[in-house]
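Participant: Take a look at this one; I'll ask things after.
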Amino acid sequence: MCGIWAIFGSDEDVAKQCGCALSIAHRGPDAFRIENINHFRNCCFAFHRLAIVDDIHGMQPMRVRSMPHIWMAYNGEIYNYKKVQKEYGFEYQTECDGEAIIHLYNRFGIEQAAAMLDGVFAFCLLDTDARKVFIGRDTYGVRPAFRLLKDDGFLAVCSEAKGLMGLAHGNEDHEVEIEPFPPGYYEEYDVAMSGKVTLAEQRQFHSFEQVPKWSNIVDNVHPEGEDVYANIRLLLTEAVKKRLMTHRHIGCMLSGGLDSSLIAGLVVKLARDAGVKYPIQTFAIGMEGSPDVIAARKVAKHIGSEHHEVSFSAEEGIAAVEEVIRYLESYDITTIRASVGMYLISRYISKETDSVVIFSGEGADEVAQGYIYFHKAPTPEDGDDESRRLLKDLYMYDVLRADRTTSAHGLELRVPFLDHYFTSYYLSIPAEMRSPKEGSEKYLIRKAFDKTGLIPSEILWRPKEAFSDGVSSVKKSWYESLQEFIEQQVTDSMMEDAPKQFPLNTPQIKEAYYYRQVFERLYPAQAKWIPYYWMPKWSKTNDPSARTLKHYKDSDVQEKDDQITE
């Protein structure tokens, strides 16, 4: 987890612009560098580093002695960097995984280079010989990137939008348009000696529905339909195994739900197999009486992790909301609700422990139809369509939440459920098999790990609980506490004026209005960063909480959760 920032063709003094780069300092607490580009006017890279591998030689912008014309800043992890080195005979000059991008680009060009990367990344690469700038982002947008491009050829790139908000350019007095860079794409720009750029090409190099070009696991996967459960176990295990690559200590978010419990169980087992000497730490957060904390405690005992529990009050959560919105750069209701707990526990991890690389279960609900509303899908095909829609937009919602709440405290998040090969295989399974079955969402994944002993059976078959609700007391949820506070902040007359005040994504409930007010104060005129409020499909509700859905309230579902507390 690092922070990248770059500008090309600024009309203003670069020294004055560089102050904007400091707004993402939280992403890289270990080192900071600003560097101008030789012979190119008003072009500059800035980099905030969180040192995960090669503490000595991994600083950026990265340049290698044999290719001095290539400059690169990137945020991410390339898991197959040793594989491509061996396959193509690359001579690395550092132990940094990102160096693979430079060598692949130099050998094959940007499109094939991006398609060959097994990992998560956002990069900005400058080739001064070819006078080209390239920007690229991983398939799911696990690592963030924003871009500002003006008609006169001024280009700015940053890991977070806040690093572009204060940029001065020319004599314009209107708001500039800052956009999220699309996942799975690269852009190519021609660069003039003045530093001004011209967009030459934008192209998609990979879709989550495609088997990735780099895969070497395919030979081990059983033929279609022969043993789906074995394939799921194999691919998820491999996804976790490759992500153990780090020189820093590993920890796991553990809510006590299926997704985080499976990942934590695999991390502890594989770390032990790999000879990791320190105990893997797991982290749970909740309010008093939280079902998540109780369930997580049971999982931690079963897998043998060093477990930490963090308790927070409604008052502490409410006090954090504005700061959470500042880091998130979003006003989406469910994103903010779920982010408060994750933000608070990330703060604890950063201050009180030595864990830096943090695993979590993000992505499973989108890939495997894990949200409770999937029980209401009219047909398996409808469920499949909704799953793919969620995956396409994931970078604006759950992936955004996971990145911002952890990077706010200098942590790096890893998400094995969004491994490219795992997801492309899972989506190739017939839609009927991927639908909820026997009252359980994510049935295939549960069944794949049934009777393996990896995690307790009652956790494996525990019904879905939304993160923001699972941290709550059963008697009074986190979102109810929020609404009581917001009722005092937003009046009925303010809601009546909402369509005029906020014509795009007009708030329908007071909580949404409150978040939007805070967002607009921090990021004026940038409401387009999210296209819609995340809401459960096939349900008539203005509130995204799972607790509003009928299936969530069924007695048989609650009974299963009650068994965990006994």
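The values are calculated or read from the model by the stated rules, or taken from the named source; none is laboratory data. Please read all numbers here as calculations on a predicted model, not as lab measurements. Glycine gets a Cβ as well: all are built from the backbone with ideal geometry, and neighbour counts include every protein chain shown. With ligands, DNA and RNA removed, areas are computed over all heavy atoms of the protein, side chains included. Shrake-Rupley method; radii C 1.70, N 1.55, O 1.52, S 1.80 Å.
Participant: In the list 402, 408, which residue meets the criterion of being of a type in the set (A, V, I, L, M) and in contact with a helix residue (DSSP H, G or I) (Cβ under 6 Å, 6 or more places away or on another chain)?
Facilitator: Testing whether each residue is of a type in the set (A, V, I, L, M) and in contact with a helix residue (DSSP H, G or I) (Cβ under 6 Å, 6 or more places away or on another chain) leaves just 408.
Participant: Looking at residue 334 and the list (1) surrounded by 20 or more Cβ atoms within 10 Å (Cβ to Cβ); (2) β-branched (Val, Ile, Thr); (3) in contact with a strand residue (DSSP E or B) (Cβ under 9 Å, 6 or more places away or on another chain), which single condition is not satisfied?
Facilitator: Status for residue 334: all satisfied but (3).
Listed here are the residues, each with its yes/no results for (1) closer than 27 Å to residue 77 by Cα; (2) in a helix (DSSP H, G or I).
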residue	(1), (2)
295	no, yes
307	yes, no
321	no, yes
342	yes, yes
362	yes, no
366	yes, yes
373	no, yes
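Participant: Restricting region 346-369 to residues that are over 14 Å from the mean Cα position of the chain (by Cα) and acidic (Asp, Glu), which is nearest to residue 317 (Cα to Cα)?
Facilitator: The residue in question is 352.
Participant: Further question: Looking only at region 122-168, which residues are farther than 20 Å from residue 100 by Cβ, touching a Gly at 6+ places or on another chain (Cβ under 9 Å), open to solvent by 10 Å² or more (accessible area, probe 1.4 Å) and not basic (Lys, Arg)?
Facilitator: 146, 152, 166
Participant: Related question: Would you point out the residue of region 452-493, among those that are over 20 Å from residue 515 (Cα atoms), modelled with pLDDT of 80 or more and out of contact with any helix residue (DSSP H, G or I) (no Cβ under 8 Å at 6 or more places or on another chain), that is surrounded by the most Cβ atoms within 10 Å (Cβ to Cβ)?
Facilitator: Per the stated criteria, the residue is 457.
Participant: Next question, about the same structure. How many residues are part of a strand (DSSP E or B) and closer than 27 Å to residue 525 by Cα if we restrict to region 190-204?
Facilitator: 4
Participant: List every residue pair whose Cβ atoms lie under 9 Å apart, where the two residues are 6 or more positions apart in sequence or sit on different chains, the first residue falls within region 396-421 and is at pLDDT below 95, and the second residue, located anywhere, is aromatic (Phe, Trp, Tyr) and in a loop (DSSP other than H, G, I, E, B).
Facilitator: Here the result reads 420/140; 420/208; 420/214; 421/214, each pair linking region 396-421 to a residue that is aromatic (Phe, Trp, Tyr) and in a loop (DSSP other than H, G, I, E, B).
Participant: How do the helices (runs of 4 or more DSSP H) wholly within region 1-114 filter down when requiring 1 or more residues that are modelled with pLDDT under 90 and surrounded by 17 or more Cβ atoms within 10 Å (Cβ to Cβ): which remain?
Facilitator: 14-17
Participant: Against the conditions (1) within 23 Å of the chain's Cα centre (by Cα); (2) open to solvent by 10 Å² or more (accessible area, probe 1.4 Å); (3) more than 22 Å from residue 286 (Cα to Cα); (4) at pLDDT 95 or above, where does residue 391 fall short? Just the number, please.
Facilitator: The one condition residue 391 does not meet is (2).
Participant: Restricting to region 431-445, give me the number of residues that are touching an Asp or Glu at 6+ places or on another chain (Cβ under 9 Å) and crowded, with 19+ Cβ neighbours inside 10 Å.
Facilitator: 5
Participant: Quick one: in region 291-326, which of the residues that are of a type in the set (Gly, Ala, Ser) and touching a strand residue (DSSP E or B) at 6+ places or on another chain (Cβ under 8 Å) is most open to solvent (accessible area, probe 1.4 Å)?
Facilitator: Within region 291-326, the subset of a type in the set (Gly, Ala, Ser) is 295-296, 300, 304-305, 311, 313-314, 317, 319-320.
From the residues that got through so far, the ones that are touching a strand residue (DSSP E or B) at 6+ places or on another chain (Cβ under 8 Å) too are 296, 300, 305, 311.
Numbers: 296: 0, 300: 4, 305: 22, 311: 90 Å².
Applying the filter and picking the extreme gives 311.
Participant: Taking only region 417-443 into account, find how many residues are within 24 Å of the chain's Cα centre (by Cα) and more than 27 Å from residue 253 (Cβ to Cβ).
Facilitator: 1
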